[in-house]
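Visitor: Sharing a structure, written as structure tokens. Questions coming.
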2 protein chains.
Amino acid sequence: MSKGEETRDRIVRYAARVASRDGLEGLSIGALASELEMSKSGLFAHFGSKQELQIEILRAAALEFERKVVHPALKQPRGAPRLRTLFDLWLKWVNAPETPGGCVFIAAAFELDDHPGPVRDFLVEQQRALFDVIARSARVAVDSGLFRKDLDCEQLALEVHALAIGFHHARRLLRLRNAEALARRSFDQLITRALPAD
Amino acid sequence: MSKGEETRDRIVRYAARVASRDGLEGLSIGALASELEMSKSGLFAHFGSKQELQIEILRAAALEFERKVVHPALKQPRGAPRLRTLFDLWLKWVNAPETPGGCVFIAAAFELDDHPGPVRDFLVEQQRALFDVIARSARVAVDSGLFRKDLDCEQLALEVHALAIGFHHARRLLRLRNAEALARRSFDQLITRALPAD
């Protein structure tokens, strides 16, 4: 990495931590610059606008999510093992100590749903891609006879996604001690019901 | 209502609309005062702090949610009709044209999860109460023999709650056209599986 890339990377990593607590809209270029001991114009030299920085945070998080959650899952055998690994690593991601503010995508989803523009567009693209990974993994399992023929793969994707968000809510807001156990049991039952009857 | 109460009410209703789009932290007393054509000190005369206004927004929304969702559901016969009405009215609440920014509780849940303080405490109390309404409605149904004896009522509460949040996400962020149909079908299946085997 060049010096410039290193600085850029440091800014994104720091800003991501702030955004995970205060939201993407809670970022202030002025406050970031002073906390990073840079001038505002020095920071703007790396990111032309706050929007550009927000997209960069989401892009970096998306690469991290691919690396830590999606890719390891896709390496698993098709069917239940693949979806189970995806869900398992996703819960770990939501609970990760490196992101004390929780999942940046979930927070951004409810923050930006009414903020049209390029940041929202980028987020929607990422979230749709994840939705599609779940639905396609289920479809592959149906086509291979591992899941039952009449399974609605889109419905399963919505259910798995809802469960991950519901876990985030129950764990991080309500602080339910058994949130993880409940979410895992619900997921297991979703998978059991997806199996062929025989 | 006295003149003072009317003004207070007008401030809360206006601020709630702003918060539904920009979040509770996105409120600015200065901006609100100028949009309501009041002085900042005039607005502060009604609410001693931004926190007090944020709690008032949540309190007003909680009363509204009780009136529009919880009370009509609790008037239904126990078991499936009661939970079905709750879920049905909840989806209507999430989609209500009066709150173009979506459900203030769901938005606040992901905004405030890392912001300790009285606003978060108030929100958690409200959200726990809702969780308990679902779990208790299920418990009553189990005790009356309407739902199966081994139903985990807390797990059902998490699943119903997750589905409502998941619907909000799929509808308002992803803009999936069939989000409502999928969420309703998932809910129907949750209820069908809660019924006794015979």
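Derivation of every value follows stated rules applied to the coordinates shown; laboratory data play no part. All of these numbers come straight from a predicted model, not from anything done at the bench. Note: ideal-geometry Cβ built from the backbone for every residue, glycine included; neighbour counts use all protein chains shown.
Visitor: Once you place label points 7 Å from the Cα toward the Cβ at B:R193 and A:N178, how far apart are they in nm?
Guide: Going by the 7 Å Cα→Cβ label model, 1.7 nm.
Visitor: Any chance you could check the Cα centroid distance between the range B:165-198 and the range A:129-198 for me, in angstrom?
Guide: The distance from the Cα centre of the range B:165-198 to that of the range A:129-198 comes to 12 Å.
Visitor: To continue, here is another question. Using only helices, what value at 222 nm comes out for the protein assembly as shown when you add -39,500 (n - 2.57) per DSSP H run of length 4 or more and divide by the total residues, to the nearest 500 deg cm²/dmol?
Guide: -22000 deg cm²/dmol
Visitor: Now for a separate question. Taking 20 °C and 1.002 mPa s as the conditions, I'd like the Stokes-Einstein D for the protein assembly as shown in µm²/s, using the Kirkwood hydrodynamic radius from alpha carbon pairs.
Guide: Working: Rh = 22.5 Å.
In µm²/s, the coefficient rounds to 95.
Visitor: With a/c under 1.5 counting as rounded, go ahead and sort chain A into rounded, prolate or oblate using the C-alpha gyration tensor (a ≥ b ≥ c being the square roots of the eigenvalues; past the cut-off, prolate if a/b is larger than b/c, else oblate).
Guide: Numbers: a/c = 2.50, a/b = 2.09, b/c = 1.20.
Prolate shape, in that a/c is at least 1.5 and a/b is the bigger ratio.
Visitor: Which of the three applies to the range A:86-161, rounded, prolate or oblate, going by the alpha-carbon gyration tensor with a ≥ b ≥ c and a/c under 1.5 meaning rounded? Before the final figure, lay out the partial values.
Guide: Details: a/c = 3.15, a/b = 1.61, b/c = 1.96.
Judged from the Cα gyration tensor, the range A:86-161 comes out oblate (a/c at least 1.5, b/c at or above a/b).
Visitor: Rounded to the nearest 0.05, what FRET efficiency do A:D132 and B:R78 give with R0 = 45 Å and r taken as the Cβ-Cβ distance? Could you check?
Guide: 0.65
Visitor: Sequence gap of 8 or more, or different chains, plus Cα separation below 26 Å: how many lysine pairs satisfy both in the protein assembly as shown?
Guide: 13
Visitor: Along the Cα→Cβ direction, 7 angstrom out, place labels at A:E125 and A:D150. What is the inter-label distance in nm?
Guide: With each label placed 7 Å out from Cα toward Cβ, I get 4.0 nm.
Visitor: Which one of B:R177, B:R136, B:R82 has the biggest mean-square fluctuation once chain B is modelled by GNM with Cα springs under 10 Å?
Guide: Of B:R177, B:R136, B:R82, the Gaussian network model singles out B:R177 as fluctuating most.
Visitor: How much net charge surrounds A:L190 when only other residues with a Cβ under 13 Å from its Cβ are counted (Lys, Arg +1; Asp, Glu -1)?
Guide: Result for the local shell: +2.
Visitor: If I take R0 = 45 Å and measure r between the Cβ atoms of A:H71 and A:F44 in this structure, what FRET efficiency does the formula 1/(1 + (r/R0)^6) give, to the nearest 0.05?
Guide: Values: r = 34 Å, r/R0 = 0.76.
Efficiency at R0 = 45 Å is approximately 0.85.
Visitor: Grab the other residues whose beta carbon is less than 11 angstrom from that of A:A31, score K and R as +1, D and E as -1, and report the net.
Guide: Values: positive: A:K40; negative: A:D22, A:E35.
Within the 11 Å Cβ shell, the charges total -1.
Visitor: Give me the Kirkwood hydrodynamic radius of the range A:12-60, using the inverse of the mean 1/r over all pairs of distinct Cα atoms, in Å to one decimal.
Guide: One decimal place: 10.6 Å for the Kirkwood radius.
Visitor: Pop out the ³J(HN,Hα) list for the range B:90-98 in order, Karplus 6.51 cos²θ - 1.76 cosθ + 1.60 with θ = phi - 60°, rounded to Hz; leave Gly and Pro as x.
Guide: 5, 4, 4, 4, 4, 9, 4, x, 5
Visitor: If each of B:Q51 and A:N95 carries a label point 7 Å out from its Cα toward its Cβ, how far apart are those two points in nm?
Guide: My value for the distance between the label points is 3.1 nm.
Visitor: When the chain is fully extended, how far beyond the present Cα-Cα distance does B:H115 get from B:D88, taking 0.36 nm per residue of separation?
Guide: Values: separation 27, 0.36 × 27 = 9.72 nm, distance 3.11 nm.
Full extension of this stretch gives 6.6 nm more.
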